[in-house]
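Visitor: So that we are looking at the same thing, I have put the structure below in structure tokens.
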Amino acid sequence: MVTTSATSSILTSLGAGSGVDTAALVTSLVQAQFASKNAALTKQENTLTAQISSVAKVQSGITSFATGLKTLTSNGTLATQPTSSDSSVLTASALPGAKLAGLAASVEVTRLATAQIATSATSFAARDTTIGTGNLTLTLGTATVSNGALSGFTAGTATPVTIAIDSAHQTLSGIASAINAAAAGVTASIVTDADGTARLTLKGATGAAQAFTLSGDTPALSALNVGVGESSTTIGSAAGNAQLKLDGVAVERSSNTVSDLIEGVKLNLTSAAVGKPVTLGITRPTAALTQAVTDFVDTYNQLQAVLKAETNATDGALRNDKNATNLVRALRALPLTTLATGAAAGAPTNLASIGVSTNRDGTLSVDSSKLTAALSNTPDAVEALFASGTGATGGGIAAALDAISTAAVDQTVTINGNIEHIGLVGSTALYTAARTKVTDAEAKVATDTTAYQERLTKQYAASDAIVAKYKAAQAALTAQFAQTNNNA
């Protein structure tokens, strides 16, 4: 086989014998042979590349739209929120799925929930002071505290926890690490005094039932004991429940975060205020909902413009892509999709009923008067359309759009026992596989072109050599006849 460099050399010398520019002739013949095939493959590659790019653009658009709307509806800004008349005493927030219409309550915080805190009375030279090995036993229960010491303790139902202190954890710092690793409801830390000495501090969870004792089974570890009659530690805070009054009714909770007192409301208690009840009410997200509808329509129209261009029947890259055209149809049906179930008769259940209408060109527009009336007359129903939920219907606009996005981007089906991707992900895979075949075909054409050029080059080189011989013979004969004529 003639190498490429050899072929170039032959092409350079072609025509030397015949006088014909056979090098240019070979090049022209090769180009003519493969021109139509190269043109067809280039066109296919450009088309497939455009389709892959268009799918990516559409996929990004619908995914970003769905994700952004889901974030908006789940962050609480579009839901009615509880209000507190005194946030220095307590704050209130809505629990997921809360229905807060008509919320009006009075909460008085008479005591915050507290945790038992015990600090070793003995100070140690440093954090890395060696204490000793053995076992510590931690027991949870209820306790009474007097003058900085446990005066009574009743163990709870939980099984006491044994914490092994080995040679790797026998320092004060190591013991603290071992207690924390046990995750038994008590955390340990080291407090360093101004003179550099160190003490072990233990803190339990809030609530009267979260008091604790700690006992060591060796003389060295007993220096950290926490218990009735023990003088090795000081109780700086006793375990206690939060005490509240809800509309005058006294209640207790083990934590300063209370989610089971008022339906749909989480209370965060920050300070006690005896005799100063806090009033709870609600605030409607009217302005936020109005803005959300406007933003939804604007974003929808931007996505619709992209889809319209990419699926244009004349020159759209995805005009024959069923997944893209199915997405167009699904989005057009969205304004009439039921977004909330269980609404009162006459209450809005879809976007069309709050003033979002479809124009002749497929874009959406908002009737601000109709939206304002819906927010004024049926605020809970409008809020339900933007509530966070699941399912194509009944879960709010975010769930409906997410269902459309999922179906359009990456559905999976089982065909003959195999899981197949359909949707835009499937379209991308299809176009990418087709482009790979085109690339392979282009590589084959390149190989065939080289082989054809080499074959023609050898053929014309041989012909040129023959012509050169004939010309040489002709020249010799001509010279001979000339010599004969001169001698006559």
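The values are calculated or read from the model by the stated rules, or taken from the named source; none is laboratory data. Just so it is clear, the structure is predicted and the values come from calculations on it, not from any experiment. Here Cβ is always computed from backbone atoms with ideal geometry, including for glycine, and neighbour counts include all displayed protein chains.
Visitor: Are any residues in the range 408-427 at pLDDT 85 or above and in a loop (DSSP other than H, G, I, E, B), and if so, which ones?
Guide: Once the filter is applied, which keeps residues that are at pLDDT 85 or above and in a loop (DSSP other than H, G, I, E, B), the range 408-427 yields only G423.
Visitor: Across the range 335-362, what is the total count of residues that are under 14 Å from F296 (Cα atoms) and within 29 Å of the chain's Cα centre (by Cα)?
Guide: The number of residues fulfilling the criteria is 3.
Visitor: Any idea which of S388, S405 is part of a loop (DSSP other than H, G, I, E, B), small (G, A, S), in contact (Cβ under 8 Å) with a residue 60 or more places away in the chain and buried (at least 19 other Cβ atoms within 10 Å of the Cβ)?
Guide: Answer to the check: S388.
Visitor: Next up: So which pairs qualify, if the first residue must be in the range 172-193 and assigned by TED's automatic domain parsing to the domain that holds Q210, the second must be small (G, A, S) and exposed (fewer than 15 other Cβ atoms within 10 Å of the Cβ), the Cβ gap must be under 7 Å, and the two must be at least 6 apart or on different chains?
Guide: G174/A168; A176/S189
Every residue, every condition in (1) modelled with pLDDT under 85; (2) in the same structural domain as A32 (by TED's automatic domain parsing), yes or no:
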position: A429; (1), (2): no, yes
position: T436; (1), (2): no, yes
position: T450; (1), (2): yes, yes
position: T457; (1), (2): yes, yes
position: Y470; (1), (2): yes, no
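Visitor: While we're looking at this one, here's another question. Here are some conditions: (1) within 29 Å of I131 (Cα to Cα); (2) loosely packed, with under 15 Cβ neighbours inside 10 Å; (3) of a type outside the set (A, V, I, L, M). T257 meets all but one. Which one does it not meet?
Guide: That leaves (1) as the condition not met.
Visitor: Residue check: is T206 in contact with a Phe, Trp or Tyr (Cβ under 7 Å, 6 or more places away or on another chain) and more than 30 Å from S368 (Cβ to Cβ)?
Guide: Taking the combined requirement at face value, the residue does not satisfy it.
Visitor: Anything in the range 335-364 that is closer than 26 Å to S388 by Cβ and in contact with a strand residue (DSSP E or B) (Cβ under 9 Å, 6 or more places away or on another chain)? List them, or say none.
Guide: Selection gives P335, L336, N350, L351, A352, I354, G355, V356, S357, T358, L364.
Visitor: A further question follows. Looking at (1) of a type in the set (A, V, I, L, M); (2) more than 29 Å from the chain's Cα centre (by Cα); (3) surrounded by 15 or more Cβ atoms within 10 Å (Cβ to Cβ), which is the only condition V274 fails?
Guide: (3)
Visitor: Taking the criterion of being farther than 16 Å from L224 by Cβ, of a type outside the set (F, W, Y) and at pLDDT 95 or above, would at least one residue in the range 189-203 satisfy it?
Guide: Scanning the range 189-203 turns up no residue that is farther than 16 Å from L224 by Cβ, of a type outside the set (F, W, Y) and at pLDDT 95 or above.
Visitor: Quick check on G196: is it loosely packed, with under 15 Cβ neighbours inside 10 Å and either at positive phi or more than 44 Å from the chain's Cα centre (by Cα) (or both)?
Guide: When the stated conditions are applied, G196 passes them.
Visitor: Do we find a residue being over 30 Å from K203 (Cα atoms), part of a strand (DSSP E or B), in contact with a Leu (Cβ under 6 Å, 6 or more places away or on another chain) and not β-branched (V, I, T) anywhere in the range 97-110?
Guide: yes
Visitor: If you don't mind, another one. Which of the following residues is at pLDDT 95 or above, among the aliphatic types (A, V, I, L, M) and not in a helix (DSSP H, G or I): A176, A164, A168?
Guide: Unique residue meeting the criteria: A164.
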